[in-house]
1. Report in % the part of the accessible area of the chain that belongs to carbon and sulfur, leaving out ligands and nucleic acids; probe 1.4 Å.
2. Just how much of residue 75 is accessible, in Å², when a 1.4 Å probe is used and the result is rounded to the nearest 10?
3. With every protein chain in place, what's the accessible area of residue 177 (1.4 Å probe, Å², nearest 10)?
4. Got a sec? What order do 44, 56, 62, 197 fall in by accessible area at 1.4 Å, biggest, i.e. largest, first?
5. Based on Cβ point charges of +1 for Lys and Arg and -1 for Asp and Glu, what charge dipole magnitude is obtained for the stretch 125-168 about its Cα centre, in debye rounded to the nearest 20?
6. Would you mind computing, in nm to one decimal, how far apart the modelled labels at residue 48 and residue 194 are, each placed 7 Å from Cα along Cα→Cβ?
7. Test of understanding: what is the full-extension gain from residue 154 to residue 33, defined as 0.36 nm times their sequence separation minus their Cα-Cα distance?
8. Which of the lysines could a cross-linker span from residue 75 if the Cα-Cα distance has to be under 28 Å and same-chain partners fewer than 8 positions apart are dropped?
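The values are calculated or read from the model by the stated rules, or taken from the named source; none is laboratory data. For clarity, every value in this text was computed on a predicted model and none was experimentally measured. Every residue, glycine as well, gets a Cβ built from its backbone with ideal geometry; the counts of neighbours run over all protein chains shown. Calculation scope for accessible area: heavy atoms of the full protein, side chains included, ligands and nucleic acids excluded. Shrake-Rupley method; radii C 1.70, N 1.55, O 1.52, S 1.80 Å.
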Amino acid sequence: LTATLALGTVKPTATRIFEEVNQLGISSLGCERNIAAVRERLNRADPDRIIIQIDRENAFGRCRRRTFQEFIADKFPELLRFVEACYRHDIPIHLGDYIIDSTIGTTQGCPLAMLCYNGTQIPIQELMKLLLPDVWQCYICDDATFDSAIDDANELFRIQVEAGREYGQFVRPDKCKIITTHVSTIVPDDLIPAIPRDQIIRAEHECMPILG
C-alpha cells in the first residue's frame, strides 16, 4: 500500500519523463496507445523502411538495481530512501528447501517495479535518439517497436544489444521480429543476421493489418 501511494504521487511527472522518449509503460491507456501508434506506422507502407520488434530476456528480473536507484535519485529523490529500503540488500527467494539471494531485478508484485524498470530504459532510449534520430521508437515496458530505415537497422540492433547489456537488458534475437510493410521491400541478406530468417514477416498486401 505504501509503495502504491508513493507511485501515485509521482505518476504525472513520471508519465511526462517517459513519454518524452515514447515509453508508454505507465501512461494512461499505454497498451492501446502503443497499438494505435504502431498501426499508424505500419499503414505508411514505406518500401524503404521496416518495423523491428525487440524482445528482452526476463527483463524485469534482470535489470540492474544500481541503474534504477540512480534514476530514482535523479528524478524522484523523495522516493529514494523508500526504494533503497526495498532494494539495497539482497532479496531471498525461497525455492522449496533452497534459498537464493536475488541481487538484480525488481521483485514480483512490487508496485514500484514499473517505475524502476522503465527508468533503466531511459539511457538506452536517449542514446537511440542521439545516434539514430530518424528511427521512431515506441515502448511498452520491456517490449520495444521501431520504425527504421533499412540502412539504419543493423546499427539500431547493435545499440539495443550493447547498450542494453550495460544496463541489465539482454536482447533475445530468436524472439525478435522484422516486419516489412510494403510488397516491394527488398530485405538484404545481411539485415540483422542475428534475427532468424523465419522471424521476418513480409507484407503480402499494400497495407499490413498486423495489429487489430
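1. On the way: 5820 of 11140 Å².
Of all accessible area on the chain, carbon and sulfur atoms account for 52 percent.
2. Rounded to the nearest 10, that gives 90 Å².
3. Here the accessible area works out near 60 Å².
4. Details: 44 130, 56 10, 62 70, 197 100 Å².
Ranking 44, 56, 62, 197 by accessible area, largest first, yields 44, 197, 62, 56.
5. Working: 3 positive and 10 negative charges, 20 e Å.
That gives a dipole near 100 debye.
6. The answer from the label model is 2.7 nm.
7. Values: separation 121, 0.36 × 121 = 43.56 nm, distance 2.69 nm.
So the chain would gain 40.9 nm between residue 154 and residue 33.
8. 11, 129
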